[in-house]
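The values are calculated or read from the model by the stated rules, or taken from the named source; none is laboratory data. The structure presented is a predicted model; accordingly, all values stated were derived computationally and were not measured. Here the Cβ positions follow ideal geometry from the backbone for every residue, glycine too, while neighbour counts run over all protein chains shown. Surface accessibility is based on the protein's heavy atoms, side chains included, excluding ligands, DNA and RNA. Shrake-Rupley method; radii C 1.70, N 1.55, O 1.52, S 1.80 Å.
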Amino acid sequence: MPRQPDPQLEQRILDAACRLWSRGGEKSLTMRGVAKAAGTTTPTVYERYRDREDILRALRMQTRIDLFSALSRTRSLTQACERYLEYALKNPHSYEVLFDGFAQPPSLHEPWPSFNLMRIRLAKRLGGAPRKHTRLMLALWSLMHGTAMLMIRGGVAGPLRAQMTHACLDALEAIVAEAARSKGKGYSPPKWPSGLILGEAADSKVNAGEDDYRPQSSMPRRESHSKRKRPARPRADRST
């Protein structure tokens with residue numbers, strides 16, 4: 001009888017790739033190694049994926065779909081943040097792969113559904129178009145990701161895990177509340193450049209001009225020691 005196709009094969013290949021990546025990173029992820037870890041042959045892996053980059057792309061896309069599915073069942077930005085951290089801790093290896101080279105092609109030009117979902121919810125709270133809040137969303141995303149990676153790499157569990165999760169949620173709420181109060185007037189320069197677009201698939205780009213990234217300090221310039229006026233020394237009284 002002819003061999004029946006294995007409906008779980010592609011998932012086994014992706015799971016194997018994820019495990020290999022978590023153990024040794026880029027060097028350990030070879031097509032032969034993936035085939036062995038998945039319990040299949042190298043030609044079979046090549047039938048489904050062109051090369052290692054194709055496997056990583058499939059793994060990123062699957063992780064994005066799974067993460068979005070988890071977040072879409074929430075009703076608020078804060079709930080989405082909490083579910084985000086839960087997903088990252090439950091799926092640490094695929095989560096780490098998701099952000100490897102995220103700001104470079106091809107990852108940059110792939111859909112970022114979770115980023116967009118939270119940016120839309122942020123816009124609903126603050127008003128305006130979602131793209132207007134990209135800088136703030138990037139700050140919140142960095143906060144969530146930093147917390148997630150600290151807990152993953154640190155093996156955080158128990159009471160400390162709960163405290164770190166709620167510290168992240170409290171910080172997120174405080175940042176959003178301040179943004180609502182200041183109505184965006186509290187942002188420090190530089191302004192968000194028009195050539196820097198994130199989370200919009202093929203339209204995403206990071207090729208803004210260098211001048212857009214040049215820091216512009218809003219603090220007054222301090223005088224150098226040589227130019228700073230010194231108080232005059234009192235002269236000695238020579239009349240005595």
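Here residue 147 clears all of (1) among the hydroxyl-bearing types (Ser, Thr, Tyr); (2) at pLDDT below 95; (3) under 24 Å from residue 63 (Cα atoms) except the condition numbered (2).
Within segment 121-145, the set of residues being open to solvent by 40 Å² or more (accessible area, probe 1.4 Å) and outside any helix (DSSP H, G or I) comprises 128, 129.
Among all positions in segment 32-53, there is at least one residue which is under 15 Å from residue 100 (Cα atoms) and assigned to a helix (DSSP H, G or I). So which residues in segment 80-95 are open to solvent by 70 Å² or more (accessible area, probe 1.4 Å) and either among the basic types (Lys, Arg) or at pLDDT 95 or above (or both)? Hits for segment 80-95 are 83, 86, 90. Within segment 75-93, residues that are acidic (Asp, Glu) have Cβ atoms under 6 Å from residues that are open to solvent by 60 Å² or more (accessible area, probe 1.4 Å) and outside any helix (DSSP H, G or I) in no pair, counting only partners at least 6 apart in sequence or on another chain. Looking only at residues of segment 96-112 that are at pLDDT 90 or above and crowded, with 18+ Cβ neighbours inside 10 Å, we find that the one that is nearest to residue 196 (Cα to Cα) is 108. Among the conditions (1) buried (at least 21 other Cβ atoms within 10 Å of the Cβ); (2) outside any helix (DSSP H, G or I), the only one that residue 118 does not satisfy is (2).
Just one residue in the set 14, 9, 108 is among the hydrophobic types (A, V, I, L, M, F, W, C) and under 20 Å from residue 200 (Cα atoms); that residue is 108.
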